[in-house]
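Worksheet for the structure shown next.
The values are calculated or read from the model by the stated rules, or taken from the named source; none is laboratory data. As the structure is a computational prediction, the values presented were derived from the model and not from experiment. A quick note on method: Cβ atoms are made from the backbone with ideal geometry, for glycine too, and the neighbour counts reach across all protein chains shown. With ligands, DNA and RNA removed, areas are computed over all heavy atoms of the protein, side chains included. Shrake-Rupley method; radii C 1.70, N 1.55, O 1.52, S 1.80 Å.
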Amino acid sequence: MTMLERAQQICDKLNMVLASKEGGTSLSMGVALSDKKHDTFNKLYLASDKALYKAKAAGRSQMVVFRNDM
């Protein structure tokens, strides 16, 4: 299982747990992977934050992986 597949699995499981609770809570997730361009915590944080806002814009219960064209 790749890291991305594992992240998706975690997101799906958390959304199932949240969906079973009252209050209509859901989870959106932004994911960034380390590479030569994103090799520090701050760069990874900013990349995952961009992906998170794309996930939120796409609707509830979404996971978006950062791409350099974002």
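What to note about this one:
- Förster-model FRET efficiency, 22 Å R0, K36 and L14, C-beta, rounded to 0.05: 0.10
- Trypsin sites (Lys or Arg not before Pro), loop per DSSP, at most 11 other Cβ atoms within 10 Å - longest free stretch of the chain: 38-66
- Reachable aspartates and glutamates from K54, criterion Cα separation under 13 angstrom, eight or more residues apart if same chain: D69
- For the chain, carbon and sulfur atoms together expose 57% of the accessible surface, with a 1.4 angstrom probe and every protein chain in place.
- Rg(Cα) / (2.2 N^0.38 Å) computed for the chain, rounded to two decimals: 1.17
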